[in-house]
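The values are calculated or read from the model by the stated rules, or taken from the named source; none is laboratory data. A quick note: this is a predicted structure, and the numbers were derived from the prediction, not measured. Methodologically, a virtual Cβ is constructed for each residue, glycine included, from the backbone with ideal geometry; neighbour enumeration extends over all protein chains shown. Protein only, heavy atoms only, side chains kept; ligands, DNA and RNA dropped before computing areas. Shrake-Rupley method; radii C 1.70, N 1.55, O 1.52, S 1.80 Å.
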Amino acid sequence: MNDSVRAGEAHVNKGEEAVVTRKLRKVLLATGVGHFVEWFDFGLYGTLAAIIGINFFPSADPTAALLASFAVFGAGFIMRPLGGLFFGSLGDRIGRQKVLATVILLTSGATFVMGLLPTWHSIGVTATMLLVLTRLVQGFAAGGETSGATTYLAEYAPVARRGYFTCWIDNFGFMAFVAGSGLVFLLTAGLGESAMNAWGWRIPFLIAGPLGLIGLYLRTHLEDSPEFTAAAASGKTEAAPLRVAMTTAWGALAFCVGFVVIKAVGHWVLQTFMPSYLSTQLHYSKLDAYAITTIGLFAIAVMVPFMGYLSDKYGRKPLMLAGCAGFILFTWPALMLMARGDMLSAVLAMLMLGAFIAAFDGACSAAMAELFPTSIRYGGMSIAYNVAVAFFGGITPWFSAWLISATGYPFSPAWYVMGAAVITFLTVLRARETAGQPLKR
């Protein structure tokens with residue numbers, strides 16, 4: 001082969017590579033922005049839990065109101081397995097893109113309605129019932145989001161960079177919580193706590209409406225993933241993917257549940273429980289609590305893509321094991337550091353815990369997707385992910401607050417986090433390494 005032919009082939013290969021890269025960026029942006037909107041909506045409730053308790057669960061005891069607010073937060077998670085069953089099966093039968101567009105529409109609509117709800121002071125217990133209903137709709141829709149977005153990106157990503165591309169799902173998710181927490185911080189600083197408690201809390205929920213329309217537009221202009229398209233064209237999709245997953249993929253389902261235990265607990269401790277913990281237990285002002293949480297979540301979002309890169313280079317297991325070990329060894333010392341009462345100590349503690357969840361998240365999304373074949377990937381992940389999140393993550397804020405109330409020990413939530421980390425550590429130890437391998441078909 002002469003030099004001109006080789007040069008021509010190289011030019012073609014570079015051109016094709018550039019086209020693929022541009023398409024990947026478009027897919028990543030559309031999927032990520034949609035995921036951002038989804039978790040901005042879903043996470044607002046947790047960030048504003050203390051204020052929601054005041055408006056929808058009147059009580060002379062602030063702790064009782066907060067516990068009631070967190071109980072409704074957990075109610076949204078009850079619906080997640082049902083949503084996962086429904087949307088996961090649908091995604092494996094009709095495609096990933098259509099389902100992801102539907103999911104964002106439902107979540108944003110429910111969140112927008114939440115901003116319009118009358119409070120207990122206006123219509124009594126009916127307000128609480130309407131709040132529960134909107135949370136149930138949110139939870140049902142959220143059951144199809146993370147597993148669907150992760151599946152979609154994993155099926156687009158190059159084999160050697162799957163950890164990096166899929167971990168952006170967690171990056172966008174944390175950035176959504178940063179945006180939500182940051183917005184609440186700015187509103188509290190600008191309006192004051194009194195106005196924020198009275199009506200300012202509605203503003204973030206109402207913003208969900210236009211954000212949802214943006215996410216919907218981006219997702220409706222995507223093509224389906226190459227893996228699913230190829231499977232559909234060759235007749236390799238399943239008519240009953242959930243039944244197939246439940247009867248043929250017990251090992252993958254068990255590993256996926258084990259992976260998600262610390263992911264769920266770690267996320268919801270840092271994202272949802274921490275703002276109220278800092279203000280009600282450690283006596284930081286609400287403004288300081290929001291600032292500490294926002295800084296910590298932003299740092300996690302920055303760290304996650306780097307950890308995803310490392311998981312492609314060194315494997316999924318080392319990153320996941322390191323994250324679990326960090327939580328086992330340092331959660332209790334981190335809470336003690338926060339209790340010193342100064343902003344610097346609290347931020348350093350958040351960064352310490354954030355590094356552990358970032359290390360785990362950098363590898364976990366790809367590791368979950370690599371457990372399942374294309375025909376049952378969306379549904380299989382949805383079942384396992386949402387069962388684990390509902391059981392372990394959904395009760396995290398409530399159970400952590402209850403532990404403190406029951407024991408009188410302000411650092412008792414550390415026990416729950418450490419126990420969850422032990423479960424996942426032992427699961428990861430038994431799992432095989434999947435980095436650098438083609439997806440199952």
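Couple of notes before you dig in:
- HN-Hα J in Hz across segment 376-385 - Karplus 6.51, -1.76, 1.60, θ = phi - 60°, x for Gly and Pro: 10, 5, 4, x, x, 5, 4, 4, 5, 4
- In the assembled protein chains, residue 135 presents an accessible area of approximately 0 Å² (probe radius 1.4 Å).
- Computed per residue of the chain from DSSP H runs no shorter than four, each worth -39500 (n - 2.57), the mean residue ellipticity at 222 nm is -26500 deg cm²/dmol.
- Taking a ≥ b ≥ c as the square roots of the eigenvalues of the alpha carbon gyration tensor, segment 64-114 is oblate, as a/c is not under 1.5 and a/b does not beat b/c.
- Cα gyration tensor, the chain - rounded (a/c under 1.5), prolate or oblate: prolate
- Take the convex hull of the alpha carbons in segment 195-276; its mean projected area over all directions comes to 9.4 nm².
- Simple label model, 7 Å out from Cα along Cβ direction - residue 351 to residue 229, nm: 4.4 nm
- Among 223, 433, the order of accessible area from largest down is 223, 433, computed with a 1.4 Å probe on protein heavy atoms.
- FRET efficiency for residue 120 and residue 306, using Cβ-Cβ distance with R0 set to 35 Å, rounded to 0.05: 0.20
- Accessible-area value, residue 407, 1.4 Å probe, nucleic acids and ligands omitted, Å²: 70 Å²
- The length gained by stretching the chain between residue 406 and residue 429 to full extension, at 0.36 nm per residue less their Cα-Cα distance, is 4.9 nm.
- Dividing the alpha-carbon radius of gyration of segment 316-428 by the rule-of-thumb value 2.2 N^0.38 Å gives 1.20.
- At a probe radius of 1.4 angstrom, the accessible area of segment 307-441 per residue rounds to 37 square angstrom.
- Here the spin labels are modelled as points 7 Å beyond Cα on the Cα-Cβ line, and at residue 441 and residue 246 they lie 2.9 nm apart.
- Each of 110, 368, 138 was scored by the projection of its Cα onto the charge dipole of the chain, and the greatest displacement toward the positive side belongs to 368; charges sit on the C-beta of Lys, Arg, Asp and Glu.
- Under 16 Å from the residue 342 label point (7 Å along Cα→beta-carbon), backbone N, segment 258-298: 284
- With the simple model of a label 7 Å out from the Cα in the direction of the Cβ, residue 129 to residue 415 spans 3.8 nm.
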